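The values are calculated or read from the model by the stated rules, or taken from the named source; none is laboratory data. Everything quoted here is computed from the prediction, not taken from an experiment. Just so you know, the surface numbers come from the protein's heavy atoms only, side chains and all, with ligands and any DNA or RNA stripped out. Shrake-Rupley method; radii C 1.70, N 1.55, O 1.52, S 1.80 Å.
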Amino acid sequence: MAKNQNLNQALKAKQDEFYTQLTDIEHELKHYKEFFRGKTVFCNCDDPYESSFLQYFLMNFNEKALGLKKLITTSYNGSPIMGTQLTIPFENEFKPAYKAVITELKDWNGDGKTGILDYKYAVENGIIPPPEILEGSGDFRSDECKKLLKEADIVVTNPPFSLFREYVAQLIEYDKKFLIIGNQNAITYKEIFPLFMQNKIWLGYGFRGNVGFFKSQYQDIAKSSQHREGMIRISGIMWFTNLDVKKRHENIFLYRNYTSEEFPKYDNYDAIEISKTSEIPCDYFGVMGVPITFMDKYNPEQFEIIGMAKRGAGDPALRTKVYTKEEYPNYSDLNAGPVLNINGVLKNTYPRILIKRKEENSNNGV
């Protein structure tokens, strides 16, 4: 499996312009159509008025599809893809930030369907106003982009991964509905995980195998069987949302029986180890440590999130033991997360989410 070396390098450089494929957007948004009727949608990152997000919402703008009220998109200045789909005059080589506001879309070019070609035709022929130059850089944190955000009902985009914490914090501050792309590791951020516990954010339907292929300026290091020309492969990619879709209320079917041998207790947390979500026992009602991938199956009516067994994002009060330098040479590693005592040898495991069944009569998750 290809590593996320390029993603990590991009995050360090704060250059993470990954452009989402239309097929991935269509695959996810088909589950949310009822949320968009009569709403204003804002795409405020990743050059959305040139991207596949614009294409999707233009293709589905009208009453027979989503029935949008308004579509607002903004771009960053200096965008490497600006002007590739829409003809926009530039006074020099530097490309300024733009905004586009769309309230109507018709089959203006007469090809029997609506989409980005109709928008292009209408702009170039003066039927609707062209995109407007923003005063600033188009950064979602700017005052003019915040003003646009206030108009929106739902935000849909692929925000910069390096700014994911700030981006989500802004959505929560302005009390917006959203559907955005992020990396799985964001679940463990100390700023993000409490939002999962408070049921203010959860995971959508997701990418196949949690792997995304994005149009990118960065070199792809995927092995030959996974390489796609002009694209970068990133694992652990997920949709984050607060739109209450059906998936969120589907129970995990539980079939395994608990034994202390198969599900040992941690040495430093009052919980048992569950290495795979599919192995959660049907007859255990205490606290369990499950992988981060559990969040993709989490149903708040079936389970309660107690906290996280992880240094930084976790609650120190949940630990029952702290390892000291005097007793354990590897104390720092041991204190990083849950620890198992295997035949007298202490071994730290991966970070775990601590959960508990909500009702004992949950009928094994059915």
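Distant-in-sequence amide contacts of TYR269, defined by a placed amide H-H separation under 5 Å and a gap of 5 or more residues or a different chain, comprise THR320, VAL339. Ranking ARG256, ARG357, ARG208 by solvent-accessible area of protein heavy atoms (1.4 Å probe, all protein chains present), from largest to smallest, gives ARG208, ARG256, ARG357.
Across region 314-326, rounded Karplus estimates of 3J(HN,Hα) from the backbone phi angles (6.51 cos²θ - 1.76 cosθ + 1.60, θ = phi - 60°) give x, 8, x, 5, 7, 6, 9, 7, 10, 8, 9, 5, 5 Hz, Gly and Pro being marked x. Close amide H partners of LYS177, meaning residues 5 or more places away or on another chain with modelled amide H under 5 Å apart, are VAL155. Each residue of region 148-156 was assigned a 3J(HN,Hα) from its phi angle through the Karplus curve 6.51 cos²θ - 1.76 cosθ + 1.60 (θ = phi - 60°); the sequence is 5, 4, 4, 6, 7, 9, 9, 10, 9 Hz, with glycine and proline shown as x. Phi angles across region 109-117 convert, under the Karplus curve 6.51 cos²θ - 1.76 cosθ + 1.60 with θ = phi - 60°, into 3J(HN,Hα) values of 8, x, 9, x, 8, 10, x, 5, 5 Hz, Gly and Pro given as x.
Report the Rg/Rh value for region 86-184, based on alpha-carbon coordinates and the Kirkwood definition of Rh. So for region 86-184, dividing Rg by the Kirkwood Rh gives 1.02. With protein chains left intact and a 1.4 Å probe, residues in region 308-352 average 63 Å² of accessible area per residue.
Ligands, DNA and RNA left out, the 1.4 Å accessible surface of region 131-172 is 45% carbon and sulfur atoms.
Rolling a 1.4 angstrom probe over region 237-366 with all protein chains present gives an accessible area of which 48% lies on carbon and sulfur atoms. Amide H contacts of PHE303: LYS358, each under 5 Å away and 5 or more positions distant or on a separate chain (H built 1.01 Å from N in the peptide plane; Pro and chain starts excluded). Evaluating kT/(6 pi eta Rh) at 37 °C and 0.692 mPa s, with the Kirkwood radius of region 285-351 over Cα pairs in the Stokes-Einstein relation, gives 245 µm² s⁻¹. The mean sequence distance of close C-alpha pairs (under 8 Å, at least 6 residues apart), as a share of the length of region 126-283, puts its relative contact order at 17 percent.
Per residue, region 132-207 exposes 41 Å² of solvent-accessible protein surface, assessed with a 1.4 angstrom probe and all protein chains in place.
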